[in-house]
Amino acid sequence: MKTFKQVYNDADNKVHGIAAAPGIVIGKVYLFTKEKLEINDSEVTNVEEAKSDLEEALKQSKKELTKVFSIAREKMDATRSAIFEAQLMILDDPVLLKSIEERIEKEKRQPEYVVFDEITKYQDIMKHSREAYINERAHDIDDIKNRIIRNLQKKRWQSRITKDTIVVSDMLTPADTLLLSRSNVKGFVTDHGGLTSHAAIISRSLNIPAVVGTHDITKHIKENDTIIVDGFHGYVLINPTKEQKEFFTSKFEHLVELQKGLEEFKDKPALTKDGREILLYANVDVSGEIDVVVTSGANGIGLYRTEQILEELSEFPTEDEQVKIYSNLSSRIYPNILTIRAFDIGGDKFRLSESTEANPFLGLRGIRLLLENPSLFRTQIRAVLKASQNRNIRFMLPMVSTIMEIKKAKAIIHECEEELKKENCSFDRHFKMGIMVEVPAAAVMTKEFSKEVDFLSIGTNDLIQYLMAVDRGNDLVSDLYQEFSPAVLRTIYHILTAAKESKKEVSFCGEMAADTLAIPLLVGLGATSLSMSPATIPYAKRIIRYLNYEHAKQLAQDCLNCTNEVEVIRLIEKFFKDHSITRTRQII
Ligand code: PEP
Ligand code: MG
């Protein structure tokens with residue numbers, strides 16, 4: 001059978017986009033277009049009537065959005081449904097509403113024109129931002145702007161569509177995505193939008209495969225065309241050939257089978273055949289994933305990327321808000337462990353300001369930025385401590401490169417603990433603190449650093465990037481980004497060996513831990529705990545349960561002696577074959 005790569009290479013009916021929500025789906029297209037709203041810019045003759053029309057339209061918009069918000073709360077967690085709460089707040093923004101009213105009075109222009117103009121001004125500022133998430137929020141505001149204008153024109157929009165179709169659209173607002181999902185939509189494809197677009201976030205949350213950012217697919221597609229959406233690789237095939245249909249139908253069926261088969265591993269430990277247990281933790285990016293974690297058979301949360309809260313809220317949550325988020329997660333996962341990583345701001349992630357750095361990945365990122373902004377850091381530490389009453393929370397610092405960073409952070413944590421004692425707030429008195437090992441300097445200094453902390457977690461995503469001097473998001477050099485490079489393996493081996501002396505736990509939380517090909521190697525190198533996206537846990541568990549630790553150890557030794565990644569991969573593939581272990585990538 002062909003591979004995905006071969007199928008896509010051979011296809012001239014493919015459109016490439018961004019894989020926004022995983023899954024494969026074949027179905028008929030529903031072209032979702034919205035009538036373009038014409039803005040009436042004639043003079044207003046009766047200002048009072050215009051103002052009362054505006055009031056009425058705002059009231060109706062509020063009613064509609066409140067309904068959307070209540071559906072969102074039913075279907076999604078609080079953080080994600082907050083998207084709609086934020087839109088409702090715009091409807092109540094006194095400054096915005098006052099300036100719209102004043103302009104109607106002074107300029108005697110139609111309310112719809114003034115609404116359009118005022119809200120567009122806000123959006124323009126946001127669209128000029130270099131931050132992807134601020135750009136996306138500007139698109140979200142389109143929804144509220146068009147909603148008010150449509151209500152001023154007393155028009156209705158349809159949100160119910162032909163059932164069981166794949167919705168293809170120029171772009172989708174969060175409300176569209178949510179409301180359309182009620183008609184059993186099988187997939188979403190959009191010309192615009194990125195991974196952080198709310199339509200993408202909502203698709204992931206609702207488990208609907210999606211490909212976004214296809215640029216102009218709406219120009220090549222007609223209503224009722226059949227398409228295949230591959231949310232794993234980010235491709236759409238338009239009117240697939242018989243051969244393509246057969247290929248994807250069999251992949252889809254395999255996927256369903258695989259998921260059924262994996263169920264049996266859920267409550268079993270990840271134990272090698274010769275009895276070595278590997279703890280499998282979940283990486284959590286958004287709190288909504290917690291349900292998947294709870295049902296995935298994870299031993300706990302090995303990485304909670306708190307900067308994602310900032311991406312979703314677009315602002316810093318207060319101490320109380322953070323306490324609420326962390327306490328909820330801690331209770332849901334109890335008695336398992338929740339590893340909260342301090343805000344990893346900077347690099348390619350959420351940034352604090354518009355100021356640009358020539359080299360953001362080598363700049364003010366992670367712990368460096370937190371130490372420069374102590375009040376922000378303290379707020380998070382206090383919140384984590386206050387939420388730690390269940391005694392299942394531990395705290396982790398990102399991007400550590402010097403021992404002084406660890407010492408300074410510990411001093412701040414200590415001060416916060418003293419403050420809370422004075423305030424009579426209870427918290428875990430044995431609160432554990434660890435670091436990410438993701439900068440080569442930290443890897444080299446593992447022996448010394450591990451004496452300062454309670455645990456370590458190897459972040460292979462950044463470790464590979466910094467070790468190989470290759471931007472993890474740059475296509476031009478992606479060939480150099482090799483997790484199987486002997487340089488990477490030897491560094492990992494050094495970290496594991498150096499940490500052994502101080503008997504500190506070392507976990508893995510980069511994508512390498514979720515690569516089924518890498519798992520025997522990591523186990524053989526000495527890994528005892530891996531953290532990965534919750535959906536991949538059953539796949540990892542299955543591989544580990546088919547493994548023999550002694551064999552894996554030999555594999556690791558052989559790989560450490562290799563001179564390049566091609567040799568390493570060959571050895572691992574041979575290992576899978578020799579021991580008759582099948583893995584996900586061979587199947588899907
Ligand atoms: C890593 O660098 O491997 C990691 C887990 O952190 P992030 O991907 O969030 O940078
Ligand atoms: Mg990292």
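Rounded to a whole number of µm²/s, how large is the Stokes-Einstein D of the range 32-94 at 25 °C and 0.890 mPa s, given Rh as the Kirkwood radius over C-alpha pairs?
Using the Kirkwood radius from Cα pairs, D works out to 175 µm²/s.
Placing unit charges on C-beta atoms (Lys and Arg positive, Asp and Glu negative, everything else neutral), compute the dipole magnitude of the range 47-160 about its Cα centre in debye, rounded to 20.
Approximately 440 debye in magnitude.
Please give the contour-minus-distance gain from Ser183 to Ile412: 0.36 nm per residue of separation, less the Cα-Cα distance, rounded to one decimal in nm.
Residue separation times 0.36 nm, minus the Cα-Cα distance, leaves 77.3 nm.
What list of whole percents do you get for P(r) of the chain, with Cα-Cα distances grouped in 20 Å bins up to the one holding the largest distance?
All Cα pairs considered, the percentages come to 18, 49, 28, 4, 0.
Using alpha carbons only, what's the Rg to Rh ratio of the range 223-307 with Rh from Kirkwood?
Rg divided by Rh gives 1.12.
Leaving out same-chain residues fewer than 8 places away, which lysines sit with a Cα under 20 Å from that of Lys386?
The reachable lysines, counting only those whose Cα sits under 20 Å from Lys386, are Lys324, Lys410, Lys421, Lys422, Lys432.
To the nearest 10 degrees, how steeply does helix 47-75 sit against the main Cα axis of the chain, on a 0 to 90 scale?
Tilt relative to the chain: about 30 degrees.
Do the sum for the chain: with -39,500 (n - 2.57) for every DSSP H run of n ≥ 4, divided by all residues, what is the mean residue ellipticity at 222 nm, to the nearest 500 deg cm²/dmol?
Calculated at 222 nm, the ellipticity per residue is -15500 deg cm²/dmol.
Could you tell me which of Ile412, Ile39, Gly526 has its Cα farthest along the dipole of the chain towards the positive end, charges placed at Cβ (Lys, Arg +1; Asp, Glu -1), taken about the Cα centre?
About the Cα centre, the residue reaching furthest to the positive side is Gly526.
Quick one: work out the % antiparallel among DSSP beta bridges in the chain, nearest 5.
30
How many percent of the accessible area of the chain is carbon or sulfur, using a 1.4 Å probe?
Carbon and sulfur together cover 51 percent of it.
Once the Cα atoms of helix 94-107 and of the chain are each reduced to a long axis, what angle between those two axes, in degrees from 0 to 90 to the nearest 10, is obtained?
It works out to around 30 degrees.
Please compute the Kirkwood hydrodynamic radius of the range 1-136 from all pairs of different C-alpha atoms, in Å with one decimal.
19.2
Taking only the alpha-carbon atoms of the range 484-532, what semi-axes of the equivalent ellipsoid follow from 5 times the gyration tensor eigenvalues under a square root, in whole Å, largest first?
The answer is 17, 13, 8 Å, longest axis first.
Report the extension gain between Lys500 and Glu55 in nm, rounded to one decimal, defined as 0.36 nm multiplied by the number of residues separating them, less their alpha carbon distance.
Result for the pair: 153.4 nm of gain on full extension.
Can you give the Rg to Rh ratio of the range 318-410, both from alpha-carbon atoms, with Rh computed by the Kirkwood formula?
On the Cα set of the range 318-410, Rg over Rh gives 1.01.
Would you mind checking the tilt of helix 374-386 against the longest principal axis of the Cα atoms of the chain, expressed as 0 to 90 degrees and rounded to 10?
70
Quick one: length gained pulling Thr33 to Glu321 fully straight, 0.36 nm per residue minus the C-alpha distance?
99.9 nm
Using only the Cα atoms of the range 466-588, build the gyration tensor, take square roots of its eigenvalues as a ≥ b ≥ c, and label the shape rounded, prolate or oblate: rounded if a/c is under 1.5, else prolate if a/b is larger than b/c, else oblate.
rounded
The values are calculated or read from the model by the stated rules, or taken from the named source; none is laboratory data. Bear in mind that the values here come from a model prediction, so they are computed numbers and not experimental data. We place every Cβ from the backbone using ideal geometry, glycine too, and count neighbours over all the protein chains shown. Only protein heavy atoms, including side chains, enter the accessible area calculation; ligands, DNA and RNA are left aside. Shrake-Rupley method; radii C 1.70, N 1.55, O 1.52, S 1.80 Å.
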